[in-house]
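Reading through the structure tokens given below for one structure.
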Amino acid sequence: MKLLRLLLPAALLLSSCAKKPVQPQDFSSLTEEFVHSTLALSPVTATAAGYHVHRGVPLDEKLDDWSPAGVEARRAHWRSWLERLGRIDASKLGPAERADLGLMKNLCEAGLFELDTEQNWKNNPTFYVELIGNGLFTPYSLNYAPAEERWRHIIARLDAVPAFLETAKANLASSNAVWTQTAVEENEGAIGLIEKEFAPKVPPALAGRFREAASRATAAMRAFNGALGSLKDSGPDGWRLGPEKYARKFQLVFGGLATPEQLLQEAEQALADLRREMFKTASPLHGKYFPHHRDPVDLNLIVGEVLGKVAEKRPAREKYFDEAQKSLDEVREFVRNHSDKIVPLPPNDNLKIIETPPFMRGIYAVGGFNPAPPLQPELGAFYWLTPIPPDWPRERVESKLREYNHYGLRLLTIHEAIPGHWLQFEYAAQVQPAPRRVLRSLFGDGAYVEGWAVYATDLMVREGYLDRSPELELVHYKQLLRAIANTILDIRLHTKGMSEQEAMELMMKRTFQEKEEAEAKLRRARLSSCQLPTYFAGFQAWKRLRAAAEAKAQGNFQPGEFHRRALLEGALPMPVLAEVLGLEPGAASGGAPQAKP
Ligand SMILES: [Zn+2]
């Protein structure tokens with residue numbers, strides 16, 4: 001390592017004399033090499049991306065290598081790319097190439113940050129459990145090759161599980177109760193996937209091989225769960241990232257959109273404003289639903305009562321899934337009829353609703369979206385809906401269905417699918433050339449992606465979806481309030497020692513969340529960092545960008561066209577998107593424009 005550092009300045013010196021304009025085709029092949037070699041570091045990700053063979057090595061049969069040699073290979077990868085990309089003179093590139101260069105450099109920095117600073121691979125057992133789960137589930141659910149071949153990939157990965165978990169045990173230095181508990185549950189989910197879901201479906205010719213591989217793998221997975229109990233406990237606060245690491249990660253995730261302090265301040269102000277807005281929407285509904293209540297003044301009481309009434313309109317437990325399917329058809333139709341204000345529907349229809357895979361239900365407690373592989377978009381995209389577990393007591397089921405009532409479930413479909421994530425990824429799948437498309441889809445900007453989904457939901461409500469129902473508006477506001485609370489929670493939990501009680505109060509008393517939802521959110525906040533604020537930060541950035549484009553268009557603004565152009569760029573960091581769209585780079589950020597050299 002020392003050697004590498006010694007060599008670096010010399011290389012940089014050399015490059016500064018040799019700078020010459022980079023040709024777009026050279027840059028594109030550089031991007032391709034970057035994307036492919038990065039994917040090869042994670043065969044599990046590569047399969048999901050539609051990248052199956054790297055320099056003659058089949059990736060679909062392998063799990064990621066986290067052995068000491070594998071860790072060293074990652075470090076060398078990120079460092080050498082950072083050095084190589086650093087030699088490129090960004091001022092000689094066009095805006096699209098410059099944007100890609102920034103994305104790649106950022107990805108290297110983020111890779112090194114994980115490896116050397118955050119270190120989930122040393123402290124978070126869910127890291128390994130989810131890799132196994134994804135590694136097995138992708139060849140099962142994604143039809144990238146004939147079934148028999150994919151079953152061979154599953155078997156090869158099952159064969160690799162015992163050694164993979166030995167490495168995991170050797171790497172893990174500590175954990176905390178939340179992460180360990182989640183790892184155990186997700187691991188049990190993955191065992192269930194192998195034994196209950198896979199076993200009956202293996203082609204007869206491979207059944208013997210599968211049984212052998214599966215029994216060794218599941219034995220290792222059970223032993224791993226047992227071994228987690230003896231890991232060093234990093235204490236009740238072990239999941240908090242801490243202010244310094246958080247600030248660095250925040251910079252990497254949000255690309256200078258704001259600092260944690262700025263965003264926290266903005267979120268707390270927005271929370272107060274939106275609560276007042278909700279009061280305005282709720283008051284007439286309160287009069288209609290509760291004509292005998294007198295002189296309503298208390299905001300929490302009025303809004304709470306109306307939300308409670310609205311939540312009574314909800315699907316039956318056994319109709320939850322059908323209702324989601326129905327909502328998908330409805331929103332598709334609405335967007336088709338309002339494409340000038342929203343955005344034209346993409347031509348493909350590759351979207352399926354499926355149950356969230358069991359090993360992912362720890363973090364996807366409600367639902368999620370799994371985009372089509374950017375290299376094989378024809379394989380289909382999945383809207384994950386997490387089913388209600390059959391063993392839940394009635395009270396818990398009721399709480400969930402109150403949250404995902406008639407309106408809430410529709411808003412979820414809008415967010416995850418149309419015109420939210422599915423539609424956005426379909427546009428991103430049209431980015432050319434292919435290396436750029438893969439880069440911006442796989443390693444795209446979180447605030448762009450989640451911000452779009454929130455912004456698109458807001459658009460649907462504003463354009464009058466469900467006949468301008470005030471009930472829908474109120475539930476939408478409640479969900480916006482939740483995105484704001486997510487921001488406050490993430491920043492305060494990871495950097496300011498927020499207690500569990502304070503977190504639950506923020507969610508249940510100030511933002512009207514059900515207990516079930518709040519508990520799941522608290523768990524998610526402890527399992528991740530800098531992801532929960534992407535919704536609000538991105539939403540604000542999209543609104544600002546639109547306002548800037550509208551001002552620039554001087555009365556000729558066409559929203560559908562603006563959205564189409566912004567979506568066709570793929571998931572760039574919001575300040576970069578502003579620049580690519582010909583707006584001021586500061587147009588996406590709040591307050592003072594971002595400094596730019
Ligand atoms: Zn989302």
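The values are calculated or read from the model by the stated rules, or taken from the named source; none is laboratory data. Since the structure is predicted, the reported quantities are computational estimates derived from the model, not experimental observations. Here the Cβ is made from the backbone with ideal geometry for all residues, glycine too, and neighbour counts use every protein chain on show. For accessibility, only protein heavy atoms count, side chains too; no ligands or nucleic acids. Shrake-Rupley method; radii C 1.70, N 1.55, O 1.52, S 1.80 Å.
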Quiz item: So what is the diffusion coefficient of region 336-377 in µm² per second by Stokes-Einstein at 10 °C and 1.306 mPa s, using a Kirkwood Rh over Cα pairs?
Solution: 121 µm²/s
Quiz item: For the pair Lys319 and Glu149, how long in nm is the line joining their label points, each one 7 Å along Cα→Cβ?
Solution: 4.4 nm
Quiz item: Using alpha-carbon positions, what is the distance between the centroids of region 202-232 and region 58-126, in Å?
Solution: 31 Å
Quiz item: So what are the ³J(HN,Hα) numbers for region 150-159, from phi and the Karplus equation (6.51, -1.76, 1.60; θ = phi - 60°), rounded to whole Hz, Gly and Pro as x?
Solution: 5, 5, 5, 5, 4, 5, 4, 6, 4, 4
Self-check item: Theoretical gain in end-to-end length, Gln376 to Ser469 [0.36 nm per residue, Cα-Cα removed]
Solution: 29.5 nm
Quiz item: Dipole magnitude of region 376-437 about its Cα centre, charges +1 at Lys/Arg Cβ and -1 at Asp/Glu Cβ only, in debye to the nearest 20?
Solution: 120 debye
Exercise. Find out how many positive minus negative residues lie around Phe290, taking Lys and Arg as positive, Asp and Glu as negative, among other residues whose Cβ is under 11 Å from that of Phe290.
Key: +2
Quiz prompt | Amide H within-cut-off set for Leu351, under 5 Å, with H built and near neighbours excluded | solution = Ala381
Exercise. Enter the per residue convex hull volume of region 60-205, computed from alpha-carbon coordinates, in Å³ rounded to the nearest integer.
Key: 141 Å³
Quiz item: Which lysines does Lys105 reach when only Cα atoms under 21 Å apart count, and residues fewer than 8 places away in its own chain are ignored?
Solution: Lys19, Lys20, Lys92, Lys245, Lys249, Lys596
Quiz item: Share of antiparallel DSSP beta bridges in the chain, in percent to the nearest 5?
Solution: 45 percent
Self-check item: Built amide H within the under 5 Å cut-off of His54, gap 5+
Solution: Leu59
Quiz item: To the nearest 20 debye, what charge dipole does region 126-232 have about its Cα centre, counting +1 at the Cβ of each Lys and Arg and -1 at the Cβ of each Asp and Glu?
Solution: 180 debye
Quiz item: For the chain, what is the charge dipole size about the Cα centre, in debye to the nearest 20, if Lys and Arg each add +1 at the Cβ and Asp and Glu each add -1 at the Cβ?
Solution: 760 debye
Self-check item: Label-point separation in nm, Ser499 to Val57, each point 7 Å along Cα→Cβ
Solution: 5.1 nm
Exercise. Please sort 222-233, 173-184, 40-51 by packing, taking for each peptide the average over its residues of neighbouring beta carbons within 10 angstrom, highest first.
Key: 40-51, 173-184, 222-233
Self-check item: Arg84 paired with Arg276, simple spin-label distance in nm, labels 7 Å along Cα-to-beta-carbon
Solution: 5.4 nm
Quiz prompt | More than 19 Å apart - percent of Cα-Cα pairs taken over region 231-288 | solution = 58 percent
Self-check item: Signed unit charges on C-beta, dipole axis of the chain, positive-most listed residue Ser469, Val178, Tyr246
Solution: Tyr246
Exercise. Within region 146-189, find all residues whose amide N lies under 13 Å from a label point positioned 7 Å from the Cα of Leu206 along Cα-to-beta-carbon.
Key: 146-159
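Excluding ligands, DNA and RNA, what is the solvent-accessible area per residue of region 79-222 at a probe of 1.4 Å, expressed in Å²?
The answer is 39 Å² per residue.
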Quiz item: In deg cm²/dmol, rounded to 500, what helix-only [θ] at 222 nm does the chain give when every DSSP H run of at least 4 residues adds -39500 (n - 2.57) and the total is split over its residues?
Solution: -20500 deg cm²/dmol
Quiz prompt | Equivalent-ellipsoid semi-axes of region 475-562, from the Cα gyration tensor, Å, largest first | solution = 33, 14, 10
Quiz item: What does the chain give for Rg and for Dmax, in Å, if only its C-alpha atoms count?
Solution: 24.3, 81
Self-check item: Distance-filtered residues of region 325-366 - backbone nitrogen under 20 Å, label point 7 angstrom along Arg396 Cα→Cβ
Solution: 355-366
Quiz prompt | Shape parameters for region 126-232, alpha-carbon atoms, Rg then Dmax in Å | solution = 14.1, 44
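So for region 453-506, Kirkwood radius off the Cα pairs, Stokes-Einstein at 25 °C and 0.890 mPa s: how many µm² s⁻¹?
Estimated diffusion coefficient is 195 µm²/s.
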